[in-house]
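Written below as structure tokens is the structure these notes are about.
The values are calculated or read from the model by the stated rules, or taken from the named source; none is laboratory data. Since the model is a prediction, treat every value here as computed from it, not as a measurement. Virtual Cβ from ideal backbone geometry, glycine too; neighbours counted across all protein chains shown. Each accessible area value is taken on the protein alone, full model and side chains, heavy atoms only, with ligands, DNA and RNA left out. Shrake-Rupley method; radii C 1.70, N 1.55, O 1.52, S 1.80 Å.
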Amino acid sequence: MPDIPASRARSDLSRFLNPRGVAVVGVSGEPDRIGGQALRLLADFGYTGRVYPVNPKYGEVRGLTCYPDLLAVPQPCDVALIALSAPHVIGAIEQCGRAGIPYALVLAGGFSEVGAEGRALQEKLVAAARKANVRMVGPNCLGILNLRDNARIGFGGTAQLTTLKPGPMAMVTQSGGFGFGVVAIAAYFGVGCNYAISSGNEADLTLLDWVAYLIERDDVEVVVAFMEGITEGRRLIEIGERALELGKPILVWKVGNTDIGSRAATSHSARLTSGYELYRAAFRRGGLVEIRDVDDLVDVAKAFFIRKLPAGNRVGVLTLSGGAGVLLADRCVESGLALPEFAPATTEKLKETLVSFASSSNPVDATANGYNDNFASYGRAVELVLADPNVDQVLVRIPRGKSARPWAENLMRALGGTDKPLVMNWPTSPDDNGDVLKWLEENGVPCILGAGRAVRALAALTEFSRKRREQRRRGGRAFVRAAPRGAIDLPAGGGPLGEHRSKQVLSRYGMPVVRERLLAPEEIESLAAAPLPFPLAVKIESPDVPHKTEAGAVQLGIGDLATLKQAAREVVAAARAHAPGARIEGVLVQEMAAGTEVIAGSVNDPSFGPTVTFGLGGIFTELMGDVTHRFAPFDTETALEMIREIRGSRVLTGYRGRPALDVAALADALARLSLLAADHADRIAEIDVNPLFVREAGKGVVAADALVVMKTTK
């Protein structure tokens, strides 16, 4: 993994979030202009630091002394909020350096987002900031909201709302307008946010810089990252691992996932790897939790604010409606949650507690009979399920009406004696018993509208807990290389190697390949006997014909010498017809291989580095997209997880009488491939092993075809 530049190392940004003084550069006396809004937000919303208007046109603004430039601003001043047009920003940054102001927030657009001229201007801006030793947010951003300390440093309609509320969430967004709007929506549904940062063009400080900082803060329990894209994929994974270690989820909301277009890729593996697929693989790591809409954000954040993690995926469901119980059960199973049988003692006590026509199994249907005892029996049933040893977490629908508040108070007493999380699926409109809903949420019981939404929140909590247990388990084992680092003689130029040379590279890392001979066409014409036992495959060997089947330059099942010679002539002719200028390095004669076909490959992604793709071959890959991804290097245990992850994994482990295949050998091959890709990431762009045949258990795997593509050297 590449080193993180010094400018990207974790920084203490506390004075950026809560500065002792803010200079508003380009302040305006007109309250609705951007410079006027910025001043009003600081002056009117309780900011306790000093505010320094800066504009040579004014002597004072809103009763505050207005300074001609940053050099005249008194100290301490930690942040310069620059509300100037793009051409004037660099001069302001240079003044920050001379004035000793360490942070700048640049609101103006007109930089990299507008084309080549803007990119050139942004490069000059970055150079000026580096020289001035100033850290910068923006340009082209809305600013920073610190709702905990009433420091609203920026502009925009959402920033002026009085309904925004502090809370243990923080948000970093690459879309300031949308992201700040989400903060307002979350506040409406009871989820407060201490900090929100609009990262803009990220000329200096990036979304990842802020996320890495925020997860370390004691007043932040959940971080939300609204991202369109990042350039440091491996750093995202590292930050996710740190978040998991801290027990703080990062809710990742990735957009821009569908417009991937056509990818110019030489290998099949590269064609199977879109940008979003790698993001999804990253999100499965560490404390990263993918969300897809504002409902997810609100619900999942509420679930994590319980501050309890389930020990497993077993859910106890209790309702007053049979239909609701069935629906919740369906959604649980679809989300990977289990509804276990209760312990016999629990079932007996439930039968004693509930009426005879209630259901005492999971899901529990206590029926509407609870109206006859003010739902006391239903409350007792919840306590019994919470105490059941087969249950890790509980999903409950609350009764409505006048009994709801005393029932909720009894529930709170029961929750004080358990470490199991409980989520409430609110059964009616939010204003029906709305005071009870508010009271429950203020006391750490999330009330979530909609069965599917409630289950998704529990599933996110469960998956985070599973990953945390797995992280602790992994921490106790050392990484074991499947193969030592090997020195490989690789050509200086870029582009694909021929199949024979590619297999030699794989063999250097111990990956089994078919037996083969590379012969010149004239050598084949003079053969008196076959170089290998029949049946054989005959292929063209040319770095300029990477897809030999498409060129008609492959013939299989050759059974005698005369057919072998004729096949050699035909593949040479086909290759020359397909690519007239192709370099013909010979004809490859190889043994025929058999087994279950899989595909394995690696792509050296610009952001995520070397990644490995695995899936079943043939129609499973092409039509079903049944592939999975990991980040290289990894060991055989991770490779086994990768194999189990694909939908068609049962084909490999034995299905309907078919023998189990050599999954251990396959895992070893995948781990070796990952090491090859990682060890030589400076030179190898892509690797494609297709097909890789998996034989019966104990008989190994063998690569029948391979392609290594070299990076183009400058």
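Numbers at a glance
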quantity	calculated
Leading residue by the ranking (most open to solvent (accessible area, probe 1.4 Å)) among those in the stretch 668-709 that are outside any strand (DSSP E or B) and in contact with an Asp or Glu (Cβ under 7 Å, 6 or more places away or on another chain)	LYS699
Subset tally (residues that are closer than 23 Å to ALA639 by Cβ and either open to solvent by 30 Å² or more (accessible area, probe 1.4 Å) or free of Cβ contacts under 8 Å to residues at least 12 places away in the same chain (or both)) for the stretch 284-297	2
Hits in the stretch 116-174 - residues which are at positive phi and more than 28 Å from the chain's Cα centre (by Cα)	ASN133, ASN150, GLY154, GLY156
Those residues of the stretch 21-61 which are touching a residue at least 24 places away in the same chain (Cβ under 8 Å) and either in a loop (DSSP other than H, G, I, E, B) or surrounded by fewer than 16 Cβ atoms within 10 Å (Cβ to Cβ) (or both), in sequence order	GLY26, VAL27, SER28, GLY29, PHE45, GLY46, TYR47, THR48, GLY49, ASN55, TYR58
Residue selected from the stretch 574-597 under the condition open to solvent by 60 Å² or more (accessible area, probe 1.4 Å) and outside any helix (DSSP H, G or I), by the criterion nearest to SER649 (Cα to Cα)	GLU597
The stretch 338-383, subset under 29 Å from ALA459 (Cβ atoms) and without any contact (Cβ under 8 Å) to a residue 24 or more places away in the chain, residue surrounded by the fewest Cβ atoms within 10 Å (Cβ to Cβ)	PRO344
Residue among ALA460, ALA381, ALA414 that alone is within 28 Å of ALA311 (Cα to Cα), under 38 Å from the mean Cα position of the chain (by Cα), at pLDDT 95 or above and not in a loop (DSSP other than H, G, I, E, B)	ALA460
Filtered residue count, the stretch 204-217, keeping only those that are more than 20 Å from the chain's Cα centre (by Cα) and open to solvent by 10 Å² or more (accessible area, probe 1.4 Å)	1
Scope the stretch 551-573; condition assigned to a helix (DSSP H, G or I) and either free of Cβ contacts under 8 Å to residues at least 24 places away in the same chain or touching a strand residue (DSSP E or B) at 6+ places or on another chain (Cβ under 7 Å) (or both); matching residues	ALA562, THR563, LEU564, GLN566, ALA567, ALA568, GLU570, VAL571, VAL572, ALA573
Residue match in the stretch 428-435 (condition: open to solvent by less than 30 Å² (accessible area, probe 1.4 Å) and closer than 13 Å to LEU337 by Cβ)	no
The one condition in (1) farther than 23 Å from ARG307 by Cα; (2) aliphatic (A, V, I, L, M); (3) outside any helix (DSSP H, G or I) that LEU208 fails to fulfil	(3)
ALA170 vs. criteria among the aliphatic types (A, V, I, L, M) and within 19 Å of VAL24 (Cβ to Cβ)	no
Test: residue in the stretch 168-183 that is in contact with a Cys (Cβ under 8 Å, 6 or more places away or on another chain) and modelled with pLDDT under 95	yes
Positions within the stretch 218-268 being over 17 Å from the mean Cα position of the chain (by Cα), modelled with pLDDT of 95 or more and acidic (Asp, Glu), in sequence order	ASP218, ASP219, GLU221
Failed item, numbered, when ASP12 is tested on (1) over 17 Å from ILE144 (Cβ atoms); (2) open to solvent by 60 Å² or more (accessible area, probe 1.4 Å); (3) charged (D, E, K, R)	(1)
Subset of the stretch 127-167 (residues that are surrounded by 19 or more Cβ atoms within 10 Å (Cβ to Cβ) and in a helix (DSSP H, G or I))	ALA128, ALA129, ALA132, THR158, ALA159
Test: THR462 is closer than 30 Å to LEU422 by Cβ and open to solvent by 10 Å² or more (accessible area, probe 1.4 Å)	yes
Check on ALA478, free of Cβ contacts under 8 Å to residues at least 12 places away in the same chain, part of a loop (DSSP other than H, G, I, E, B) and out of contact with any strand residue (DSSP E or B) (no Cβ under 6 Å at 6 or more places or on another chain)	yes
Residue count, the stretch 631-667 (criterion: at pLDDT 95 or above, over 22 Å from GLY240 (Cα atoms) and assigned to a loop (DSSP other than H, G, I, E, B))	1
Test: residue in the stretch 481-490 that is out of contact with any Lys or Arg (no Cβ under 7 Å at 6 or more places or on another chain), farther than 16 Å from LEU673 by Cβ and open to solvent by 40 Å² or more (accessible area, probe 1.4 Å)	yes
Failed condition for VAL172, given (1) hydrophobic (A, V, I, L, M, F, W, C); (2) within 21 Å of ARG280 (Cα to Cα); (3) assigned to a loop (DSSP other than H, G, I, E, B)	(3)
Check on SER507, in a helix (DSSP H, G or I), open to solvent by 40 Å² or more (accessible area, probe 1.4 Å) and either in contact with a Lys or Arg (Cβ under 9 Å, 6 or more places away or on another chain) or among the hydroxyl-bearing types (Ser, Thr, Tyr) (or both)	yes
Only one of THR636, THR628, THR613 that is among the polar types (S, T, N, Q), open to solvent by less than 10 Å² (accessible area, probe 1.4 Å) and out of contact with any Phe, Trp or Tyr (no Cβ under 7 Å at 6 or more places or on another chain)	THR613
Residue in the stretch 274-283 that is basic (Lys, Arg), modelled with pLDDT of 95 or more, open to solvent by 60 Å² or more (accessible area, probe 1.4 Å) and out of contact with any helix residue (DSSP H, G or I) (no Cβ under 7 Å at 6 or more places or on another chain) present	no
Sole exception among (1) modelled with pLDDT of 95 or more; (2) open to solvent by 10 Å² or more (accessible area, probe 1.4 Å) for GLU113, by number	(1)
Subset of the stretch 298-337 (residues that are among the small types (Gly, Ala, Ser), open to solvent by 30 Å² or more (accessible area, probe 1.4 Å) and under 22 Å from the mean Cα position of the chain (by Cα))	SER335, GLY336
Matching residues in the stretch 384-411 - criterion: being of a type in the set (A, V, I, L, M) and not in a loop (DSSP other than H, G, I, E, B)	LEU384, VAL385, LEU386, ALA387, VAL394, LEU395, VAL396, ALA404, ALA408, LEU411
Counted residues, the stretch 390-448 - those being among the basic types (Lys, Arg) and within 15 Å of GLY370 (Cβ to Cβ)	4
